[in-house]
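Here is the structure we will look at, set down as structure tokens.
What follows draws every value from the coordinates through simple rules; no lab data is involved. Bear in mind that the values here come from a model prediction, so they are computed numbers and not experimental data. Reconstructed Cβ throughout: ideal geometry from the backbone, glycine too, with neighbour counts over all protein chains shown.
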């Protein structure tokens, strides 16, 4: 009986790992890396996304970095004597990594969510006539992000590409939740040409 239980447990772990690995490979997107008018760092895990974006900036893939704003505070800053927002933390880290502060632009806060990030970027593109953007997010967040941005920006003459950072901190729950979110978007909004007005 004990042997059977161990076998079932082992098989369960194996199938969970297979699902997670397959899900992560599916969620990530690999595209040819090309220069863009701006790099867009999506709000979220800035600790893993910002260094990747800074490396792309240093390599000459863009001269401007846009930071989306999720309205989330990220802990106390002794220097500023207050809790900094995520985009402020990102700015400080980018500057530490050698990106000129003048090259970093924080976009206004709409609401928390990838679709609202895309809407903020759309306003910037419409105002500044940018022709291309390079998205930076976590690898498991890449497929849904690219799908959302292309839907929201499709009315503008802009090329949207993505080069995700590798996420070493992604949990099984993160992968599972992202798969659920992607399925939700595709089922609920896949038939709409423009999802920027969708209630999410």
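Taking 7 Å steps out from each Cα toward its Cβ at residue 58 and residue 81 produces label points 3.4 nm apart. If each of residue 31 and residue 183 carries a label point 7 Å out from its Cα toward its Cβ, how far apart are those two points in nm? Calculated label separation equals 2.6 nm.
Using a Förster radius of 35 Å, what is the FRET efficiency between residue 173 and residue 129 based on their Cβ-Cβ separation? Nearest 0.05, please.
In this case the efficiency is close to 0.30.
Quick one: if the Förster radius is 22 Å, what FRET efficiency do residue 103 and residue 156 give, using the C-beta to C-beta distance and rounding to 0.05? With R0 = 22 Å, the Cβ-Cβ based efficiency is 0.50. Computed over the range 2-189, the Cα gyration tensor eigenvalues convert (square root of 5λ each) into semi-axes of 32, 20, 16 Å, ordered from largest to smallest. When only Cα pairs below 8 angstrom with a gap of at least 6 residues are kept, the range 2-189 shows a relative contact order of 27 percent. Mean silhouette area of the range 106-192, derived from the convex hull of its C-alpha atoms and averaged over all directions, reads 6.1 nm².
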